[in-house]
Amino acid sequence: MGSGMMGNDCSWGPGMMGGHYWQRGDGTPVQTLDQARQRADAFAHRLDLRVGEVMQFSKNFYAELKTPSGRLATEILVNPANGDTGIEYGPAMMWNADYGMHPRGQTQTRLSPDQAQHRAQQWLRDRRSDLTAAKPDAFPGYYTLHTMRTGKINGMLSVNASTGAVWYHTWHGTYISTSEH
């Protein structure tokens with residue numbers, strides 16, 4: 001175990017700022033959704049979680065992790081170049097009340113899923129976007145929504161469940177495909 005940015009030279013340990021988990025890959029490129037799911041499974045197992053949806057983007061693979069009871073827990077990224085896997089930056093690190101940088105357990109949820117979707121749609125309209133916000137997925141302290149263009153996934157954004165702040169996921173690149181289990 002070790003600390004520092006992405007675990008430094010350790011194969012497993014706290015990552016950024018000493019509180020995030022990061023699992024170093026073996027240097028082998030991850031090219032398919034199945035390979036990304038295998039990396040995500042190895043990461044999830046160490047946290048007693050399981051993998052749900054896995055998505056491929058041009059810059060990374062994304063996966064939802066769930067508790068044994070099926071509740072959404074957190075979001076992770078798999079680096080396609082080397083297989084490094086860790087908690088997704090942005091909302092999963094900053095707003096997640098259970099798995100983020102500032103775990104605080106129970107948080108006050110002021111926005112319902114419908115209110116979060118409305119807030120996301122308003123945020124997109126305010127930016128004169130032709131994207132629409134899909135139904136939200138509820139994570140501890142925030143919601144994540146797919147952004148859609150003509151009925152197809154384009155990207156993602158998150159809405160803070162307490163403040164209504166919106167965080168667009170700019171780090172994924174172009175959406176490619178999804179695998180659900």
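Every number in this text was worked out from the coordinates using simple rules, so none of it is lab data. What you see is a predicted model, and the numbers here were worked out from it, not measured in a lab. For neighbour counting, all protein chains shown are included, and Cβ atoms are generated from backbone atoms with ideal geometry for every residue, glycine included.
Once backbone amide H atoms are built at 1.01 Å from N, A73 has L65, K66, T67 as its partners under 5 Å, excluding neighbours fewer than 5 places away on the same chain. Dividing the mean sequence gap of close Cα pairs (under 8 Å, 6+ apart) by how many residues the range 21-111 holds gives a relative contact order of 26 percent.
Kindly provide the helix-only [θ] at 222 nm of the chain, computed as the sum of -39,500 (n - 2.57) over DSSP H runs of four or more divided by all residues, to the nearest 500 deg cm²/dmol?
-5500 deg cm²/dmol
Only Lys, Arg, Asp and Glu carry charge here, each on its Cβ (+1 for the first two, -1 for the last two); on that basis the chain has a dipole of about 480 debye about its Cα centre. Within the listed set G151, G25, G141, the residue fluctuating most in the Gaussian network model of the chain (springs between alpha-carbon atoms under 10 angstrom) is G151. Which of G27, G90, G100 moves most in a GNM of the chain, Cα contacts under 10 Å? Largest GNM mean-square fluctuation: G27.
Projecting label points 7 angstrom from Cα along Cα→Cβ for M101 and T174 puts them 3.2 nm apart. Across the range 121-129, rounded Karplus estimates of 3J(HN,Hα) from the backbone phi angles (6.51 cos²θ - 1.76 cosθ + 1.60, θ = phi - 60°) give 5, 5, 4, 5, 4, 4, 9, 6, 8 Hz, Gly and Pro being marked x. Across the range 116-173 the C-alpha pair distances fall into 10 Å bins from zero in the proportions 27, 59, 14 percent.
With θ taken as phi - 60° and the Karplus curve 6.51 cos²θ - 1.76 cosθ + 1.60 applied, the whole-hertz 3J(HN,Hα) list for the range 33-38 is 4, 5, 5, 5, 4, 4 Hz, x standing for glycine and proline.
For the range 58-164, the convex hull spanned by the alpha carbon atoms encloses 114 Å³ per residue. Near the amide H of W22, within less than 5 Å, lie the amide hydrogens of G13, G15, all on another chain or at least 5 residues away, with H placed in the peptide plane. Between R125 and S58, the simple label model (points 7 Å from Cα in the Cβ direction) yields a spacing of 3.0 nm. Just checking the listed ones, R24, R128, R46: in the Gaussian network model of the chain with Cα springs under 10 Å, the one fluctuating most is R128.
Under 5 Å between amide hydrogens, built in the peptide plane, is the criterion, and for H169 it picks out M156, L157, S158 among residues at least 5 positions away or on other chains.
Our coupling estimate for the range 77-89, obtained by passing each phi through the Karplus curve with A = 6.51, B = -1.76, C = 1.60 and θ = phi - 60°, is 10, 10, 6, x, 6, 9, x, 3, 9, x, 3, 5, 6 Hz, Gly and Pro reported as x.
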